[in-house]
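The values are calculated or read from the model by the stated rules, or taken from the named source; none is laboratory data. Predicted, not measured: the structure shown is a model, and the values here were computed from it. Positions of Cβ are backbone-derived with ideal geometry, glycine not excepted, and every protein chain shown enters the neighbour counts.
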Amino acid sequence: MRAPDLFRFARDAATGNPLRSSLLVLAMSIGVGAVVVLTALGDGARRYVVNEFSSIGTNLVIVLPGRSQTGGFNPGNSITNTPRDLTVDDAQAMLRASAVRRVAPMTVGTSEISFGGKLREVFVVGATAEFIDVRRLSLAQGRFLPTGDWRRGASEAVIGAKIRDELFGSEPALGQLVRVGDRRFRIVGVMAATGQGLGQNTDELVIVPVALAQAMFNSNTLFRILVEANSREAIERAKTQVAEIVKQRHEGEEDVTVITQDAVLATFDRLLGALTLAVAGIAAISLAVAGILVMNVMLVSVTQRTAEIGLLKALGATGATIRRAFLAEAAMLSLAGAVLGYLIGQTAAFLLRQMYPAFPAYAPDWAVLAGLGTALVTGILFGVLPARRAARLDPVESLAKR
Amino acid sequence: MDALIKLSGIERIFHLGDSEVHALRHLDLRIHPGEYVAVMGPSGSGKSTLLNLLGLLDRPNAGSYHLEGRDVTTLTPEEQARVRSRRIGFVFQSFHLVPRLTAAENIALPMTLAGIAPAERQRRVERALNDYGLANRASHRPNELSGGQRQRVAIARATVMQPAMILADEPTGNLDRATGEEVMHLLETLNQSGVTLIVVTHDAVLGSRARRQLLMEDGELRHDSASAA
């Protein structure tokens, strides 16, 4: 039988029973669609988190007090006991490193802010003038903390957009005096609203000079030192130089953890990549189920078409021809299902992107290819058994059936 | 003249549970090219088994079958399919048309299976449609055709590969008298043009139209009008 005739025959056989064929195509398309949508969600989550972390700043090296043996980001880093304080002087010393462009020491704590009888719990960040540049943040009003001696600092504060709204409403905030803890600060600037975001939301922060924050929380140690390297290539160099400087200042003991933004990103990347793989795996199960359905439906088809198979044999069809015809039908239906599922999946991902523009729900190419490939392979694989059964039918018995 | 069909010592045994049924026993038979043979007998006499065997749809348990001088019992299933395709045309009682294919496509089916080029298929189908008075029914599906038209499509399909013989199993069994007569006339016209025609029937009137009658009973050949004469 010629190939075009074979495909036409298989197509006619498939369309000859629309219910059976459309059920099969539907099952296959749900499987492929699930792979596309779920991997789009998983990979979208990965891209989202990676983007959010990238926007913390660029070429960042982060110094944390305390030593942690594990590389990369570790939740334990933020709660380790510190043998030696990481001080503002340590931060200042880091400026000597050749690969370092900017240094921003940070300390954090919670306190209360009050103005005109309104009181609110806030996160207080002790920072320096460099903070805004290193973190790539922008101001809505006024100015940021002034440059100057890190060990001193004027009683000036910069507040987040939400704090401003809640405390001042429509009144002007700049120049007002507020009380934070037991100290009075003059508002000199308001941060631009950042909205929802991971780890960079400044809307509910009050930023004060680092020295005053340390005095307020009665602590000498810093929460973190953000170090910006000269360039992407200089990140590793900056990391070793910074570690070396701290080691010298701390009597030869390496009691800080230096991580790079890349390491944090790589960790999240790996984590969420694994998550994507996991959901793809779950979706692939539905493809296997669809494959079993292909087999079932094709077996029913063989039973229903027994007389026709007998006739084909009487008309001179070889077993191989009949096997090929049934395989072609299974492959064709699987392919149709796979293509339909791909379209459904991409449409769903598109709708997701329309509804949540911040969420980059794009199915990765590998997942799409794997989904389509698996659909075809399972369809054909599970089509083999019915096709062989059809080819082996005894023509005399088959013809006797009606 | 060399025999078209030469059966010698054919045995066909079916196993039904523990019991053995001899569908055919010690069958020796020669049929020459161009003969018109009616195989008659009560149901269960083995006449359908004989027809399946002649059509290479079934294999004997013992004995040999020579078709056009060639031993076809020892051929592989693929080679047998090829012989069926080129040398044998079947006409069934219940027509056995593929319901989703049009009349033209049903007629073309043996050629499609044999891999004949579309242009040649087209040419032969058109001629067959004209010869059998089906020209205005070409694109109708079997359920849109009358019984007589269906059997004419089936006969056109059986002859389109220009076989040496046509095996017809109760070809008029599902037709009324007039259309049955018409179909038999068509088959006999084919026989007159040289095609060997073997008809299985339990209708004595129909059987008597053939030049040679074989009477089967309990798997044995009871009477052969050719040897009796």
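So the values come out like this:
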read-out: Candidates A:Ala387, A:Ala375 - the one that is away from every other protein chain (no Cβ under 14 Å) and either in a loop (DSSP other than H, G, I, E, B) or farther than 30 Å from B:Ala81 by Cβ (or both); value: A:Ala375
read-out: Test: residue in the range B:65-76 that is within 9 Å of chain A (Cβ to nearest Cβ) and either under 23 Å from B:Ala3 (Cα atoms) or surrounded by fewer than 18 Cβ atoms within 10 Å (Cβ to Cβ) (or both); value: no
read-out: Failed item in (1) away from chain B (no Cβ under 14 Å); (2) touching a helix residue (DSSP H, G or I) at 6+ places or on another chain (Cβ under 9 Å); (3) modelled with pLDDT of 90 or more, with A:Gln354 passing the rest; value: (2)
read-out: Residue in the range B:125-132 that is within 14 Å of chain A (Cβ to nearest Cβ) and closer than 23 Å to A:Leu6 by Cβ present; value: yes
read-out: From A:Gly310, A:Gly316, residue being buried (at least 22 other Cβ atoms within 10 Å of the Cβ), within 14 Å of chain B (Cβ to nearest Cβ), at pLDDT 90 or above and not in a helix (DSSP H, G or I); value: A:Gly316
read-out: Top-ranked residue in the range A:132-191 [being in a strand (DSSP E or B) and among the charged types (D, E, K, R); ranked as surrounded by the fewest Cβ atoms within 10 Å (Cβ to Cβ)]; value: A:Arg184
read-out: Enumeration of residues in the range B:93-103 that are surrounded by 19 or more Cβ atoms within 10 Å (Cβ to Cβ), more than 7 Å from every other protein chain (Cβ to nearest Cβ) and within 15 Å of A:Lys401 (Cα to Cα); value: B:Phe95, B:Leu97
read-out: Residue in the range A:277-293 that is away from every other protein chain (no Cβ under 14 Å), under 30 Å from A:Val396 (Cβ atoms) and at pLDDT below 90 present; value: no
read-out: First in the range B:203-229 and part of a helix (DSSP H, G or I), second anywhere and acidic (Asp, Glu), Cβ under 8 Å, 6 or more apart; value: none
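Results for (1) crowded, with 19+ Cβ neighbours inside 10 Å; (2) of a type in the set (Lys, Arg); (3) not in a loop (DSSP other than H, G, I, E, B); (4) not assigned by TED's automatic domain parsing to the domain that holds A:Ile113, shown as yes or no for each residue.
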{"site": "A:Asn220", "(1), (2), (3), (4)": "no, no, no, no"}
{"site": "A:Val227", "(1), (2), (3), (4)": "yes, no, yes, no"}
{"site": "A:Arg232", "(1), (2), (3), (4)": "no, yes, no, no"}
{"site": "A:Glu236", "(1), (2), (3), (4)": "no, no, yes, no"}
{"site": "A:Thr240", "(1), (2), (3), (4)": "no, no, yes, no"}
{"site": "A:Gln248", "(1), (2), (3), (4)": "no, no, yes, no"}
